[in-house]
Amino acid sequence: MSDLHRFLNLHDFERAAQKKLPRPLWAYLSGAVEDNAGARMNREAFARYGFLPRALVDVSKRTLDIELMGETFTAPFGIAPMGLSAMMAYEGDLTLARAAAKAGIPMVLSGASLTRMEDVLAANPTAWFQAYLPAQDDAREKLVRRALRTGFKTLVVTVDVQIAANRENNMRAGFSMQMRPTPSLAWQGISHPSWLFGTFARTLINHGMPHFENNYEHRGAPVLSASVQQSYMDRGHLTWQHLARIREIWPHRLVVKGILHPQDAKQAVDIGAQGLIVSNHGGRQLDGAISGLQALPLVLSAVPREVEVMIDGGIRRGTDVAKALALGARCVFVGRPMLFAAAARGQPGVERAIDLLRQEISRNVAMLGVSHCHDLSANEHLVAL
């Protein structure tokens, strides 16, 4: 018998995922960098606003539907790109893609995923692909052309991973992008049998050793290979000129992710990006970088109104979504909580998480006295505390 009724909010999935996952994987999924200042700011930013609700407004026919990047979705939130999802949950990328397709919300496939982009798009024809641009010119263009051949209509280019971050929590927990077999790692697997047999062994039996499938035009290295690190070599030489070249060869919708500075927002739009995701990478890159919510007003002031500005980072409640929308975001993306749900209970867990967040947003919108989520405004519904 399912116990999904026991999960009452997104926080409940976090606790369940922590119990199920081996410590190194939990550290990678839940952690940030250095002193975790950026990750804390993502949450604290939402607490700096209070609501100013309106009373006696007819909200009996409210809707959460949105138009985003030329498509209609049923809610103003989507699933953010997350690497190694298939190590956290069996067929994790497909689990997230199928749940998003069923719910009618956006989903972004990570370039650091372990499932072929072709298989994910087959499971969710509206999925977006997020690319970590390879350092080499030829490899970059071939990756983008592969995404084009596959049939993606929205390409998301992440620009805030110039070099590897200092993820001390990963090192302390024994995690690295190359999963080195060690006695400690073996013990973590044995002591977490639900993950060992339900995720890892099941993956090996049905799919073989996981590989990084979407770093390049060709299949990448297996997770146990020493060559994994070469896939994440220094991108410090990349500039806006390289993004402009991607714009030249990509004929469809282009979104730039990892924008915080308003000048970067303007430059991305000048190059031809139709959308921006304002983000500090979940606090996983530069520790102390301001949150997406804090940067949102700065970015909105720098770009034309027709640019679709989205955010991610720290979203755990419907009230968080409502505050972001009131401040001008077109949509928000939720990362870790959806993968917590996948790790804890598979696709039914993700569907439950989506439904819980949708219910919270609908309830909050009604209590604020509006019939559509995009009728929220900072001037009328928010107070800075």
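Things to note:
- Three-way shape label, the range 13-80, alpha-carbon gyration tensor, a/c 1.5: prolate
- Between Gly282, Gly92, Gly70, the Gaussian network model of the chain with springs among Cα atoms under 10 angstrom shows the greatest mean-square fluctuation at Gly70.
- Between the range 109-131 and the range 268-286, the alpha-carbon center distance in angstrom: 19 Å
- Per-residue Karplus couplings for the range 288-304, computed as 6.51 cos²θ - 1.76 cosθ + 1.60 with θ equal to phi - 60°, are listed in order as x, 5, 4, 6, x, 5, 5, 7, 3, x, 5, 5, 4, 6, 9, 10, x Hz, Gly and Pro entered as x.
- Overall form of the range 249-385 per C-alpha gyration tensor (a/c, 1.5; a/b vs b/c): oblate
- Amide H contacts of Lys257 (H built 1.01 Å from N, under 5 Å, at least 5 apart or other chain): Val157, Thr158, Val159, Ile277
- Compactness check for the range 4-384: Cα Rg over 2.2 N^0.38 Å is 0.95.
- FRET E, pair Arg6, Arg202, Förster distance 22 Å, beta-carbon r, rounded to 0.05: 0.35
- If only the Cβ of Lys and Arg carry +1 and only the Cβ of Asp and Glu carry -1, the dipole of the chain around its Cα centre is close to 660 debye.
- Near Leu109, the amide H atoms lying under 5 Å from its own belong to Trp128, Phe129, Gln130; only residues 5 or more places off or on other chains count, and H is placed 1.01 Å from N.
- Relative exposure of Leu143, Leu339, judged by other C-beta atoms within 10 Å (fewest first): Leu143, Leu339
- Between Ala186 and Leu298, the simple label model (points 7 Å from Cα in the Cβ direction) yields a spacing of 5.0 nm.
- Overall form of the range 138-205 per C-alpha gyration tensor (a/c, 1.5; a/b vs b/c): oblate
- Comparing Leu196, Leu114, Leu29 in a Gaussian network model of the chain where C-alpha atoms under 10 Å apart are linked, the largest mean-square fluctuation is found at Leu196.
- The phi torsions of the range 196-210, fed into the Karplus equation with coefficients 6.51, -1.76 and 1.60 and a -60° offset, translate into couplings of 4, 8, x, 10, 6, 4, 4, 5, 4, 5, 8, 10, x, 4, x Hz, rounded to whole numbers, with Gly and Pro shown as x.
- Mean-square fluctuations from a GNM of the chain, with a 10 angstrom spring cutoff on Cα atoms, peak among Met117, Met367, Met82 at Met367.
- C-alpha center-to-center spacing [the range 1-53, the range 368-385] in angstrom: 25 Å
- Built amide H within the under 5 Å cut-off of Asp312, gap 5+: Val278, Phe333
- From phi via Karplus (6.51, -1.76, 1.60), per-residue ³J(HN,Hα) for the range 127-135 in Hz, x at Gly/Pro: 4, 9, 10, 9, 10, 8, 5, x, 5
- Which of Lys266, Lys102 has the fewest Cβ neighbours within 10 Å, and the rest in rising order: Lys102, Lys266
A short reminder: the numbers here are calculations on the coordinates, not readings from a lab. As the structure is a prediction and not an experimental result, all values here were calculated from the model. Every residue, glycine as well, gets a Cβ built from its backbone with ideal geometry; the counts of neighbours run over all protein chains shown.
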